[in-house]
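Contents: one structure, followed by commentary.
The values are calculated or read from the model by the stated rules, or taken from the named source; none is laboratory data. Predicted, not measured: the structure shown is a model, and the values here were computed from it. Glycine gets a Cβ as well: all are built from the backbone with ideal geometry, and neighbour counts include every protein chain shown. In case anyone asks, the SASA skips ligands and DNA or RNA and just uses the protein heavy atoms, side chains included. Shrake-Rupley method; radii C 1.70, N 1.55, O 1.52, S 1.80 Å.
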Amino acid sequence: MPWDRNQMAERAAQELEDGMYVNLGIGIPTLVANYVGDKDITLQSENGMLGMGPFPFEGEEDADLINAGKQTITELDRTSYFDSAQSFAMIRGGKIAAAVLGAMEVAENGDLANWMIPGKLVKGMGGAMDLVAGVGRVIVIMDHANKKGESKLLKECTLPLTGKGVVDRIITGLGVFDVVEGGLKVVEIADGVTMAEIEAATEATLVA
Amino acid sequence: MVKKVYGSAAEALEGVLFDGMQIAAGGFGLCGIPENLIAAIRDAGTKDLTVASNNAGVDGFGLGVLLETRQVKKMISSYVGENAEFMRQYLAGELELEFNPQGTLAERMRAGGAGIPGFYTKTGVGTVIAEGKEVKNFDGQDYILERGIVADLSIVKAWKADDTGNLVFRKTSRNFNPPAATCGKICIAEVEEIVPRGSLNPDEIHLPGIYVHRLVQGQHEKRIEQRTVRKREEA
């Protein structure tokens, strides 16, 4: 059985280590916060906050306290606030250890596309281009295939790029893949999934 | 004594608006947006605006109101996904849009306000954002040249101010407000409360009053875009 969204998030949480400052993207990456357990992880929200807490209790929402997905959140005893220039200074400056992001396409050379589909609705890249250019490690969580059943792990991206050669590790429902010289290396296979299934579902070059 | 405090947003904007001007606006989503100044610019009817703002508001609120009245010619933003009217005007070719990566936009404002006309960044290298921009290699890595923004006017929102324009922000409503404030030839700040001089702790001022030329106290709706909560029994 391939991993579901929560299992993918749980697997991604294993990538995070004590002391890390981490940025989680919108969607499945947000779920990673549910699985960090006792690890000393500080979450960054690029709209200007370190030490992001959980959603507020009903009735305690504060319009001045939101995350990058514009959701109401809470602060922790370690929280700090700062402006957007400062926020991206720490991102661009390599102070954020890792970003966990969703993706539309990833290529075997680490190219990432996750911000735009030409001809369709164009929403913008937000902070994604800065994050992938700046953070220590870029971890992508995404479905292995798109809605048409086509591989999202490609030889080359077809959509406009968010960053070139920026992805380090990809977690899909089928397993964990690292971007290495010559293609993607299978690091881990989800329980009950076979290598043959992965090969059949993947356009990108798989290397040993 | 120089007077910075004005009685209303409309009064604070007197003499600074002109058609075709560039405005830098603070705020992230609907959080920390200068909602009174936006409404006053709508009422003033100033046209052909270029607005540098991370987002474009939503339909009927925030910068969305200036889109509805067709006062905006061009937006410089990183994310505009929450505004159907924006999308309609953009796809119909009625509105220009310049996408900037969020950090690049923030730094363009910061740099413009700090007297830095351009800077090199690795954000966007190898993407459409790099098209037409100078690429320079430093220590084996490519960077692209981005320009500082100097706007004709900055409109920002803060929590508290004293009458000299020293500003204090609250939680994540700080966001783009400080960099936007610094990059305007004139900066107008709207605040929830103007407090007596001496009552703000000088060590805890987020933006010194040197950047703020005019001030107005206003009522703020502070609309929430995505209300997310957890149930008490889960705690």
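Table for the structure above
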read-out: All aspartates and glutamates inside 19 Å of A:K147 as judged from Cα atoms, apart from same-chain residues fewer than 8 positions distant; value: A:D4, A:E105, A:E156, A:E197, A:E199, A:E203
read-out: Computed lengthening from A:A200 to A:K155, 0.36 nm per intervening residue step minus Cα-Cα distance; value: 14.8 nm
read-out: Selected from B:V125, B:V72, B:V51 as most flexible by GNM, with chain B as the system and alpha-carbon contacts under 10 Å; value: B:V125
read-out: Mean Cβ neighbour count within 10 Å, used as a protection proxy, ranking B:11-20, A:125-134 highest first; value: A:125-134, B:11-20
read-out: Candidates B:M109, B:M87, B:M21: whichever shows maximal mean-square fluctuation once chain B is modelled as a Gaussian network with Cα springs under 10 Å; value: B:M87
read-out: Candidate residues A:M195, A:M52, A:M142: accessible-area rank, largest first, probe 1.4 Å; value: A:M195, A:M52, A:M142
read-out: The stretch A:2-36: GluC sites (Glu not before Pro) in DSSP loop, at most 14 other beta carbons within 10 Å; value: A:E17
read-out: Interchain or long-range residues, amide H under 5 Å from A:V180's placed H; value: A:K185
read-out: Reachable aspartates and glutamates from B:K3, criterion Cα separation under 18 angstrom, eight or more residues apart if same chain; value: B:E11, B:E14, B:D162, B:D163, B:E190, B:E193
read-out: Surface/4 of the Cα convex hull for the stretch A:123-190, nm²; value: 5.3 nm²
read-out: Residue-count net charge about A:S87 - beta-carbon cut-off 14 Å; Lys, Arg +1, Asp, Glu -1; value: +1
read-out: For chain A, the longest site-free run once trypsin sites (Lys or Arg not before Pro) in DSSP loop states with at most 15 other Cβ atoms within 10 Å are removed; value: A:40-94
read-out: Cα-centred dipole magnitude for chain B, charges only on beta-carbon of K, R (+1) and D, E (-1), debye, nearest 20; value: 340 debye
read-out: Long-range HN-HN contacts of B:A158 with modeled amide H, under 5 Å; value: B:E190, B:V191, B:E192
read-out: Hull shadow area, averaged, the stretch A:5-201 [alpha-carbon convex hull, nm²]; value: 12.1 nm²
read-out: Among the listed pairs B:K133/B:K160; A:K155/B:K136; B:K73/B:K122; A:K148/B:K231; A:K120/B:K47; B:K47/B:K157, those beyond 31 Å (Cα-Cα); value: B:K133/B:K160; A:K148/B:K231
read-out: Calculated diffusion of the protein assembly as shown, Stokes-Einstein form, Kirkwood radius summed over Cα pairs, 25 °C and 0.890 mPa s, µm²/s; value: 108 µm²/s
read-out: Under-5 Å amide H pairs with A:V166, H placed in peptide plane, nonlocal only; value: A:D111, A:L112
read-out: J(HN,Hα) series, the stretch A:173-180, from Karplus relation 6.51 cos²θ - 1.76 cosθ + 1.60, nearest Hz, glycine and proline x; value: x, 8, x, 10, 10, 10, 7, 10
read-out: Average projected area [Cα convex hull, chain B], square nanometres; value: 16.3 nm²
read-out: Rel. contact order, % - alpha carbon contacts under 8 angstrom, at least six apart, chain B; value: 23 percent
read-out: Inter-chain shielding of B:29-37 (mean C-beta neighbours from other protein chains, 10 Å cut-off); value: 3
read-out: Exercise: per-residue mean of other protein chain Cβ atoms within 10 Å, B:117-129; value: 6
read-out: Listed residues B:Q141, B:Q219, B:Q89, most fluctuating in chain B (Gaussian network, C-alpha, under 10 Å); value: B:Q141
